[in-house]
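Throughout, read-outs are computed from the coordinates displayed, never taken from laboratory work. This structure is a prediction, so every number in the text was calculated from the model and none was measured. Positions of Cβ are generated from backbone atoms using ideal geometry, with glycine treated the same way; all protein chains shown enter the neighbour counts.
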């Protein structure tokens, strides 16, 4: 549900991993290079990076790095639509692999709140989970403010669109249609298309295809599955059709990608 550890004790991040939690890595001093999917990022003093549930990540190199790694599930944090919109505000935890290092400058609130979260989870005082939830809110607000102060654009997503993205990533194997997901969410295919075009400039189907291609990359890279196995995991009955789908969306064949990026 929720966990926090210091960078020095984050042994499980020494090797590539993917978890169904949202991960926030804060470096207080020193530096650390972290790999997220196919990209490398370097964190230095008082900088942070957010990693979306399901993304592959690991620490590649550290230089006397200190800080915290915070992990929490979607169900723990997202109690209502406001929480859902906050967690994705300004693409902080974005399903479109828009990870970035955010410098917090002179802002020390994030470090202070992470230390308090560590204390709350260790001591478990009365209503500690409510306290932890509120502190995560403060952390996300502080990060958003730093990002905006550095010239970043404000992007406020719609909760229904984000629920759509969550549903897609949770149902790859079921190969659901836009209409089926809309029915699950109590809305219409037309509404999901309107929201997708508003937020991405693409149709809901195109968004689903993009997320599916990204998941295929992770299955090749991390799980080391064959083309046939990846096709099955993503709900494709025909490996040949899947291969064409992958090439169309990544401009390279599954075989080429596996040889280039397999960990």
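Whole-Å semi-axes of the stretch 2-149's equivalent ellipsoid, largest first, each the root of 5 times a Cα gyration tensor eigenvalue?
Computed over the stretch 2-149, the values are 21, 17, 16 Å.
With viscosity set to 0.692 mPa s at 37 °C, what whole-number translational diffusion coefficient in µm²/s follows for the stretch 105-233 from Stokes-Einstein and a Kirkwood radius over Cα pairs?
183
Taking the alpha carbon gyration tensor of the chain, what are the square roots of 5 times its eigenvalues, largest first, to the nearest whole Å?
The equivalent ellipsoid of the chain has semi-axes of 32, 23, 17 Å.
Efficiency by 1/(1 + (r/R0)^6): what FRET value for residue 109 and residue 44, r their Cβ-Cβ distance, R0 = 25 Å, to the nearest 0.05?
After rounding to 0.05, the efficiency reads 0.90.
In percent, how large is the relative contact order of the chain, given Cα pairs closer than 8 Å and 6 or more residues apart?
After rounding, I find 15 percent.
What Kirkwood hydrodynamic radius do you get for the stretch 6-70 when you take the inverse of the mean 1/r over all pairs of distinct Cα atoms, in Å?
11.4
Could you tell me the calculated FRET efficiency between residue 200 and residue 12, based on Cβ-Cβ distance and R0 = 35 angstrom, to the nearest 0.05?
It comes out at approximately 0.60.
If packing is taken as the mean number of other Cβ atoms within 10 Å per residue, what is the order of 157-165, 4-12, highest first?
157-165, 4-12
For the stretch 184-209, list residues with backbone N below 16 Å from a point placed 7 Å from the Cα of residue 261 toward its Cβ?
Backbone N within reach: 209.
Apply the Kirkwood formula to the stretch 159-261: the hydrodynamic radius equals the inverse of the mean of 1/r over all pairs of different alpha-carbon atoms; give it in Å with one decimal.
Value: 14.1 Å, from the Cα pair sum.
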